Each structure stands twice: as structure tokens, then as C-alpha cells.
Amino acid sequence: MVAKTFQGLEDVLAEELRSLGALNVEPGKRMVSFEGNLEMLYKANLCCRTALRILKPIYKFIASDTDTLYAMVKEYDWSTILSPEKTFAIDTVAYSDEFTNSRFVTYRVKDAIADWFTDRYGAGKRPGVRLQDADVMINVHIAGDRVTLSLDSSGESLHKRGWREAQTEAPINEVLAAGIILMSGWRGDKPFVDPMCGSGTFLIEAAMIAANIHPGIYRQGFAFETWPDFDQDLFDTIYNDDSQERTPAFPIIGADMSPKAINIATRNVKRAGLAKYIDLKLKPLSQWTEAPSDGVIVTNPPYGERISADDMEGLYELIGSKLKSVFTGYHAWIIGYHIEHFNAIHLSPSVKVPLLNGSLECELREYVIFEGDYKSYRQAGNKLHRGDEKSAENDRNKDRSKRRPTDREWTGEARRKGMGGKIARGDSREKRRDDRPAFKRDDRHDFKHNDRFNRQQAEIDTPEVEPENPLYKRRNPKALSILKGKTPTLPPAEGPIMRPRRGWKKK
């Protein structure tokens, strides 16, 4: 079988599947392959927190063109999973030079299945196609010329748990939220805090992890319940087994400055039946003065995309300040989009993981908040999350040398290179902000490449003093400099300087 997930969560999902008893678990790109029986299929859908879909491959073959694809699909015995009275839907994913149009692939597969039934049962005797709520969902995966047809056992994506009653403007995906929490190592063994909780996704997923509640119990159904070999008794046994559930031993605390967000989070928490485990407060980050000791923070601050603050840099500076003053002893996991926002926290991360949040290429960073300096922290016998302190320290040094400069550093570099001066230590932050060089910066940042910013920095020239001549702005100084010291090149004296006009005759 194949469990699909988000980029960056493959190892977390693989560990989940191993803990459920899956065999031959192999992480891939946005997927994990594994083996198991029918019970394992049901458990994977019901219990995996980081899986989006569970696929069961049924047919594999080689095809180099759409005609071969059609012929091979038509060879399969479709009566084993479909009948003329049922409906089906097809989802196609193609990574191939031969099959560049996934929609056309979908049409050819659909035609082959329909024609298979028409050939055997007569005209009009074929299963119908339904885009939503189909009885059978078929996944077509093409890699080069290798084609795999699978049954989608999940139906709706597994991130749709069933507990969400309402949402804020930009809620984080439930699967991604659970994956981040599991990646942090938190299992309910210490306090959990989300000071910017929004609709409460992190809090609810954390409470389910701490109480060991299966995420699939809220759903109305799964696609495998319509399959011919569905074992109702086996599924009921798995679904109703709550012997491993427990009461969380540590507080789970959430807060937000928005009354609307807290209202939505409260409704979602109640719908999930977790109100007794989660403490919600209407409280801006600036008002945090204390927190339970030695906990974990997992939060998703605004990026400035769908949700923004009046002063994004100030917000992230406040996050860094509160981490150092209120959350000492914590491991803080923050997912963000712009590197300049991370830089405003003014803390060195111990872990950096690239993640996709929707269509945004984000990064998840862990900050270990300890008192004193790093040397004293190590001498006390403590370790960073990664377990390899030297490796983490080298990564931090590398990050300092290659990271994108902050606005303050851009300003200082421009002054030193362009004006030959230095920034006095007594300059106020407002003065520095006013003196920033005026150039357009692309807000979207690729964490892997900083060449664009290096080129922009190299192009900051010494400002010129404009002459009083009103025609100066219309001139091109670079073009004029090329002409300095040169005389015009004229044609030879003999013969006409201009070509004769059409229709003009020399007298």
C-alpha cells in the first residue's frame, strides 16, 4: 500500500506506520510505501495523523502512449471492484514526457473502464462517473512509462478530520499541524502552548495526541466501506477500541488577540469533545508574563500573506523577546515564510526543516530557550534537540554567513560602501529605518538561494547630487559618459551625405 503525505513529513508518517505494525515501510517523496493486511488498511486510515490518503495498488503495467494505456486498462477485470450500478471517480498524477496532459489520461482511463462494461453488459450498462462522493475512487500514477492504478481507500482527504466547525482566514492543515507536533517530539509529557492559536488546530491535534485519540473517529466514513470485501465487524472492532486512550497529564494552553479567533477555536474544541483538556484565553502575546515551566511552544504566526500585522518585524521581535523572558526552558517550534521575519527573532535555531504550507514554501525552526550562554548550557549536561551539538553549531555559523541580511544590515552595508561612513552606536532605530536604501525587494524568498539579494546589494551605488540644470533628469549619465573625449564619426567628404529620396531625380 501507499500512504501519501506532505513534503517533509515522510519520516514521521513512516514511524507512525511502523508503530501500527506495518511491514516493509519505505519512505519516498511525499509518500510512504508499506505492506499489511486488511486490518492494517483500516488502521492506517483511522489512526495515522500525518497521512493524506491510503492507496491500495491493484494493477501495474508499462505504456508509452495513450492508445497502449487504453488497451492495458481495458484488460483488467473491473467487475472485481465495480458494477454498472456504482459510480467511480479518477484522480491522475503524471510525471512523464509521454503523458503531459493528466486530464487526457483521465479521459482515456475512464473510456477504457466504461467500454469494458459496455462490451460485456450492452449499451448503457456501465458505472457512472461522479466527481464528488463516488462509490469507488481510482488513482492513476504515471512515472515515465510505468503506470500504477490504485484504489483510494480514504475517500475525502484524511486531513478533513470532521471536528472543524469553523475556521479563521488562514488555518493550518490538520495533517501538517499533527506532523509538526510529532516532529517536535512532544507526546503529552510536558506543557503545550500556542500563544497565537487562531482556530485552534495545533491545540486540538495536540490534545488528541496527548489523549491518544485516533484522528479518524470524527469522520462520517471512508471509501473502503463501499468495497466488496469490506469487513464491517473487523472495522467496528478497531473503531470502538478505546483501551489505549488516556487523560492528558499536562496543560494544553492556547491564546489569541482576536475575539473572533478565540470564538472559532472554542467552537472547534467543543465539537471535538476536548474542552476539558484545552485552556483557551483571549490574550495578546504582549500580555504574556508567565507560563508553565519546561514546556513546548508550537505556533504559526502571520506571514504577511493572507494574514498580516501592522508591523511584521515588530511582531517577530516581540516573539523573540517573549521567548527569552517568559518561556525559558522551552523548545519553541515556529513555522514561517520570510527569512527576515525569522531574523527579527534574534535567536539561533537548532533545527530547520523545509515544509510546504499550502502553496507556500515555508520553514519550520526550533529554538531551544535556555538561561545563560550556550557553553554553560552544554556544561550543565544539556543537549540540543538534534542530539549533535557540534553539527548544530556548525549549521548556525553557516546560517549566519549565508543568510539574507536584515534591513538594518542592508542599511549599514550601503553606508559603508556608498558613503564611506559608519553607523554610530548612538543612532536610534527610527533613524536607521529612515535611512534605508530605496530599492524594491521581492517579498517572496527562496530559502535555498540568496543570489538575487547579493546582486541587489552589489548594485547599490553612491548617491549622486543632482545639478540644478532642469534637463538633467532627462539625460542618461551612463550614456553620456561613453561619449566623453570622442568626436563624431562623419562619412567621406566626396559623394552625397544622404541617400536620394524615392522619386527624386538629380538635375
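Rule-based calculations on the coordinates, nothing more; no lab input. The shown structure was predicted, so the numbers you read here are calculated from the model rather than taken from an experiment. For neighbour counting, all protein chains shown are included, and Cβ atoms are generated from backbone atoms with ideal geometry for every residue, glycine included.
Each of residue 120 and residue 132 was given a label point 7 Å from its Cα along the Cα-to-Cβ line. The distance between the two points is 3.1 nm.
Given 0.36 nm per residue, what is the gain on full extension from residue 231 to residue 187 after removing their alpha carbon distance, in nm? Could the numbers behind the result be given before it?
On the way: separation 44, 0.36 × 44 = 15.84 nm, distance 3.20 nm.
Difference between extended and current length: 12.6 nm.
The packing ranking of peptides 137-145, 125-133, 228-236, 206-214, highest mean first, is 206-214, 137-145, 125-133, 228-236, where packing means the average number of other beta carbon atoms within 10 angstrom of each residue.
Could you give the semi-axes, largest first, of the ellipsoid that matches segment 167-242, computed as the square roots of 5 times the alpha carbon gyration tensor eigenvalues and rounded to whole Å?
On the way: eigenvalues 171, 51, 18 Å².
Taking √(5λ) for each eigenvalue gives 29, 16, 10 Å, largest first.
Ranked highest first by the average count of other Cβ atoms within 10 Å around their residues, in what order do 285-295, 15-25, 108-118 fall?
108-118, 15-25, 285-295
Spatially, segment 205-227 and segment 230-303 are offset by 16 Å when compared through their Cα centroids.
Assuming R0 = 41 Å, what is the FRET efficiency of residue 98 and residue 346, from their Cβ-Cβ distance, to the nearest 0.05?
Values: r = 52 Å, r/R0 = 1.26.
Result of the calculation: an efficiency of 0.20.
Calculated FRET efficiency, residue 59 to residue 276, Cβ-Cβ distance, R0 = 60 Å: about 0.80 to the nearest 0.05. In terms of packing, defined here as the mean over residues of other Cβ atoms within 10 angstrom, the peptides 319-332, 240-253 line up highest first as 319-332, 240-253.
Distance between the pseudo-spin-label points of residue 324 and residue 15 (7 Å out from Cα toward the beta carbon): 3.1 nm. The fraction of Cα-Cα pairs per 10 angstrom bin, counted from 0 for segment 280-363, comes to 16, 51, 31, 3 percent, rounded to whole percents. At an R0 of 56 angstrom, the distance between the Cβ atoms of residue 146 and residue 283 translates into a FRET efficiency of 0.55. In segment 172-215, which residues have a backbone nitrogen under 13 Å from the label point lying 7 Å from residue 166's Cα in the Cα-to-Cβ direction? Once the point is set 7 Å along Cα→Cβ of residue 166, 199-200 turn out to lie under 13 Å by backbone N, inside segment 172-215. Quick check on my link table: of 29/110; 43/110; 74/160; 281/322; 160/260, which ones sit more than 25 Å apart, alpha carbon to alpha carbon? Exceeds cut-off: 29/110; 43/110; 74/160.
Of all alpha-carbon pairs in segment 1-160, indicate the percentage at a distance above 24 angstrom. Value for segment 1-160: 38 percent of Cα pairs lie more than 24 Å apart.
Between the residues 216, 238, 226, the greatest Cα displacement towards the positive end of the dipole of segment 203-248, with unit charges on the Cβ of Lys, Arg, Asp and Glu, is found for 216.
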